Amino acid sequence: MNNKYKIMLVEDEKNILAFVSTLLETAGYTVISAQTCSEGKMMFSSHNPDLIILDLGLPDGDGISLLTYIRKSSYIPIIVLSARTDESDKVDALDKGANDYITKPFGSAELVARVRSALRTRHYSDESSDFTNSIFTLGDMEIDYDARRITISGTEIMLTQTEYNIIALLSQYSGKVMTYSAIINAIWGYNDEGSRKKLQVNMANIRKKLGAVPGKQSYIINKLGVGYKMNI
Ligand code: CA
């Protein structure tokens, strides 16, 4: 019986493939690998991995097309690993359903930590667990979805409807970076010129109310230029 997590690595650069495979195997994971989009598609359906690490520049196409293909049928955590450093590329990958984004070159410890975090948060983003458990906890914070109420160490936090909706949304996708436009569309249903500012104002109030202290771990992390993530 093998109960190790199985990670599928889609990467065409042989030295990176070898390096990441060794790194993950040393960290206790089983690694399978594919070097093209089409091989990735095949291995995904035949091997049922627990997590995917995906390069974007592949010989037979863009990794984004594989990401889009997999997201049609699965909530498996996908970490994009790419040499592209443009914010727009990150935003695009996250909007299309990537859970996280790592830019090459990257540190080994960082990669392993991101993998661990994505695997840990997996059950929260499964469709099946969507709000079925009506209490969400993160550290001292508790969200009661039925009562639309948030407490920290048992004390209720007074929030506007919008502030509550934003926190509930981020908690639903905890561990995943949500882009500004994904949040805006989910909360307001439209995205116009003033939306980003409106989101920033709400987030500033939320962070204040949740007692964010500079330098201390906070419930919500701002990924500058990209979006927000509920930290777990
Ligand atoms: Ca490549």
**Study point:** Residue count, the stretch 40-70 (criterion: touching a strand residue (DSSP E or B) at 6+ places or on another chain (Cβ under 8 Å) and in contact (Cβ under 8 Å) with a residue 24 or more places away in the chain)
**Key:** 19
Point to revise | Failed criterion for Asp60 (all others in (1) modelled with pLDDT of 95 or more; (2) crowded, with 22+ Cβ neighbours inside 10 Å; (3) within 14 Å of the ligand (Cβ to nearest atom) hold) | key: (2)
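The values are calculated or read from the model by the stated rules, or taken from the named source; none is laboratory data. Note that the structure is a prediction, hence the values are computed from the model and not measured. For neighbour counting, all protein chains shown are included, and Cβ atoms are generated from backbone atoms with ideal geometry for every residue, glycine included.
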